[in-house]
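We did not get these values from a lab; they are worked out from the coordinates using the rules stated. No experiment lies behind these values; they were computed from the predicted model shown. Cβ placement follows ideal geometry from the backbone for every residue including glycine, while neighbour counts extend to all protein chains displayed.
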Amino acid sequence: MSNASVDLERRRIALYGWMLLAPALILLITFAFLPAFETIWASLYSKGTIRRPSQFVGFENYLTLFSDPAFKKVVINNLIYAGITIPVSVAIALGMALWANAQIVGRGFVRAAYFTPTMLPMIAAANLWLFFYTPDLGVIDRITALFGLPSVNWLGQQETALYSVIGVTIWKEAGFYMIFYLAALQTISPELREAATVEGAGRWTYTRRVVLPLLAPTTMFVLVNAVINSVKLIDHLFILTKGGPDNASKLVLYWVWEMAFAYFDMPAAATMTTLILVVLGVVAAIQFVVLERRVHYR
Amino acid sequence: MNAAAIPQQKPKLFSLPTLDAIGAWLLAIVWVSPLVFAVWAAFHTPDGALSFKLNAPLTLENFRVAWDSAPWPRYFLNTTLLVTVILIGQLTLCTLAGFAFARFQFPGRDVIFILVLLQLFILPEVLIVENYVMISRLGLFDTIFGIGVPYMASAFGIFLLRQAFKSVPQELEEAARVEGCGWFGVLWRVYIPAARPTYLAYALVSVATHWNNFLWPLIVTNSTSTRPLTVGLSLFGATESGVNIAVVSAATLMVIAPLFVGFILFQRQFIQAFLRAGIR
């Protein structure tokens, strides 16, 4: 084959490749990249009114945001929310997976029970939990009343609202993460266990020294998902607390929704969204760096 | 030594799991209890639901009240249409893109692939405000297509199918070419059939995800004719004053029933699907 025809063939393949990619790329640009840039752009402009059109204000929106006590409250809430839901649900998921992988009676039921919340919409999960949190009449208050404890308005008071929301999230998420651990556990060769037994290693040593290190990549994957979920999972707030009382359980994305669609303050929403994108970008960068060391994307 | 080790192992395997079993069962019971209480509440009168008396009379009244107080058939139809539209869009777009990434060599491909993976982090959920503006600009506000279109070019789907296509032996493709297949023929006759388990897994995960999705549909719908079940359910619960917990439980059970029954029937496939989709 001559050089020219090789070149032609290569160009033809490149053309086909781009044509196949085009539909997906157009949608990705329209609904991911363009909106992301528009968000950043919008965060640099003031809120337009009928009399005063919106104008470029630089980082003023950010300064306003940082000096807003509600912003501080919401960010701290989200940090607490992430700081508790991530480690607790991942730890429970690991325990669940070890149990669901063990030779126990009724393993099928156990697995299904752990996984069930994953199949439910968050809205439905929140409805189910309302029944638990209702003061006086709810399941939790009924149980604590047996021990002579007073009734608590779990969702209605500042001290407990956020933690009640966290409880629902952990319940909803743990079974989902369990699945990934279960998959990883099933790839561990039984010979390792035999070898450990021959060496005289107990169960705890085997789990800690052999199983956990082998699960490290899964943990990484689960953690990244858990971080993302701690930002995007806010559906239950709409049912349980609406972010209240007095912002006590408000999370960052709920705040964005409220700013944009209840108060119509688009610049404020865009500013907060930009900050969320920065955080997610950092998570993405960390994941890419860590995964780069392993041959994951080949 | 080996012979000595194995009999030692036997009683160990036998005695420990009983403790494990108790722990596993307790956790499982705690985990299903919200659902169990919802079932309990849904089949009892409001008073009976909260009394926890085992002999409280059973009733279907809550389901009747719940069913009559919202346009559920329409919501069910909307959700069904929505997950179908999304799935068709995703399968088409992700197949084409995944094929391009797996089997075509061209400059810029790897950079574009990284950009696609970035979308895993630029979530549609986070861009609600600008995507709402975009959907309105395109005249898609309050349409089923408008709810679905931002999810169609799924980075996750593209990635999964690329991996599946990459593991197809090149010889199969060459054989099909010898028989006169073009690019499209190769894709249709060789790659798509070979990736069938991946398609099934992805489809189950996609349907489950979008059946349950709430925030974005809440934002871009404004009428009964487009609202999916989750949004309908949230509106239903919102009229707190008049609606009691028994009726809310009944409505919740109705909404989760189709997916839930599907899950019970195809439990193994569902869990396998989530596994397959999760292992990268």
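Highest average first, the peptides A:159-168, B:121-130, B:177-186 ordered by how many other beta carbon atoms sit within 10 Å of their residues are B:121-130, A:159-168, B:177-186. For the residue pairs A:47/A:172; A:232/B:166; A:47/A:72; A:73/A:172; A:242/B:53, alpha carbon separations beyond 30 Å are given by A:47/A:172; A:232/B:166; A:242/B:53.
What is the mean number of Cβ atoms from other protein chains located within 10 Å of the Cβ atom of each residue in peptide B:207-215, rounded to a whole number?
Details: counts 0, 4, 1, 0, 3, 9, 4, 10, 11.
Mean inter-chain Cβ contacts per residue within 10 Å come to 5.
If you take the Cα centroid of segment A:194-245 and the Cα centroid of segment A:19-36, the two points sit 33 Å apart. Each eigenvalue of the Cα gyration tensor of chain A, multiplied by 5 and square-rooted, gives one semi-axis; in descending order these are 38, 37, 17 Å. Identify, among A:253, A:62, A:192, the residue whose Cα sits farthest towards the positive end of the charge dipole of chain A, taking +1 on the Cβ of Lys and Arg and -1 on the Cβ of Asp and Glu, with the dipole about the Cα centre. Positive-most Cα among the choices belongs to A:192.
Shape analysis of segment B:51-102 yields a ratio of the Cα radius of gyration to the Kirkwood radius, Rg/Rh, of 1.42.
The equivalent ellipsoid that matches the C-alpha gyration tensor of chain B spans semi-axes of 41, 34, 16 angstrom, in descending order.
Take the Cα of residue B:183, go 7 Å toward its beta carbon, and the backbone nitrogen atoms of segment B:109-153 under 15 Å from that spot belong to B:109. Only Cα pairs under 8 Å and 6+ residues apart enter the sum, and on that basis the relative contact order of chain B stands at 30 percent.
Excluding residue A:257 itself, what net charge comes from residues whose Cβ is under 14 Å from its Cβ, given Lys and Arg +1 and Asp and Glu -1? Please list the in-between numbers first.
On the way: positive: A:232, A:242, A:250; negative: A:235, A:258, A:265, B:125, B:130.
Residues near residue A:257 contribute -2 overall.
Under the criterion of Cα pairs below 8 Å and six or more residues apart, the relative contact order for segment A:175-298 equals 16 percent. Neighbour counts of other Cβ atoms within 10 Å put B:58, B:218 in the fewest-to-most order B:58, B:218. Helices in chain A, meaning DSSP H runs of at least 4 residues, each add -39500 (n - 2.57). Divided by all residues, the mean residue ellipticity at 222 nm is -23000 deg cm²/dmol.
Across segment A:234-242, coupling constants 3J(HN,Hα) worked out from phi with the 6.51/-1.76/1.60 Karplus curve, θ = phi - 60°, read 10, 3, 5, 4, 4, 8, 7, 9, 6 Hz, and Gly and Pro carry x. Mean partner shielding of peptide A:89-102, defined as the number of other chain Cβ atoms within 10 Å of each residue Cβ, is 2. In the P(r) worked out for segment A:18-84, what percent of Cα pairs fall beyond 16 Å? Tail of the P(r) past 16 Å holds 68 percent of the pairs.
Report note on the peptides A:243-253, B:93-103, A:119-129, B:26-36: ranked by the mean count of other C-beta atoms within 10 Å, highest first, their order is A:119-129, B:93-103, A:243-253, B:26-36. In this structure the amide hydrogen of residue A:45, modeled in the peptide plane, comes within under 5 Å of the amide hydrogens of A:57, none closer than 5 places in sequence on its chain. Return the whole-Å distance between the Cα centroid of segment A:72-150 and the Cα centroid of segment B:80-135. Centre-to-centre (Cα) distance: 33 Å. Between the amide H of residue B:44 and those of B:59, distances stay under 5 Å, these residues lying 5 or more places away or on another chain, with hydrogens modeled in the peptide plane.
Tell me whether segment A:146-298 comes out rounded, prolate or oblate; compute the Cα gyration tensor, take square roots of the eigenvalues as a ≥ b ≥ c, and use a/c under 1.5 as the rounded threshold. Write down the numbers at each step before the final one.
Working: a/c = 3.90, a/b = 1.56, b/c = 2.50.
Note, shape of segment A:146-298 comes out oblate.
From the C-alpha coordinates alone, can you work out the Kirkwood hydrodynamic radius of the protein assembly as shown, in Å?
Details: mean 1/r = 0.0382 Å⁻¹.
It works out to 26.1 Å.
For segment A:43-292, a crude dipole built from +1 on the beta carbon of Lys and Arg and -1 on the beta carbon of Asp and Glu, taken about the Cα centre, is about 100 debye to the nearest 20. Counting beta carbons within 10 Å around each of B:199, A:133 and listing the fewest first gives the order B:199, A:133.
Within 10 Å, count the other beta carbons around each residue, average over each peptide in A:49-60, A:231-242, and list them highest first.
Working: A:49-60: 10.1, A:231-242: 21.7.
Highest to lowest by the protection proxy: A:231-242, A:49-60.
Separation of segment B:137-193 from segment A:246-273 is 37 Å, based on Cα centroids.
Couplings 3J(HN,Hα) of segment A:126-134, computed from phi: 4, 4, 4, 6, 3, 5, 7, 8, 3 Hz, in residue order, whole Hz [Karplus 6.51 cos²θ - 1.76 cosθ + 1.60, θ = phi - 60°; x for Gly and Pro]. What is the log10 of I(q)/I(0) for segment A:88-166, computed with the Debye formula using one identical point scatterer on each Cα and no solvent, at q = 0.27, 0.28 Å⁻¹? Each listed q maps to, in turn, -1.14, -1.17.
The string of couplings for segment B:210-221 from the Karplus curve (6.51, -1.76, 1.60, θ = phi - 60°) is 7, 4, 9, 5, 10, 4, 5, x, 4, 6, 9, 10 Hz, one whole number per residue in order, with x for Gly and Pro. The residue among B:213, B:195, B:29 whose Cα reaches farthest toward the positive pole of the charge dipole of the protein assembly as shown, with charges on the beta-carbon of Lys, Arg, Asp and Glu, is B:195.
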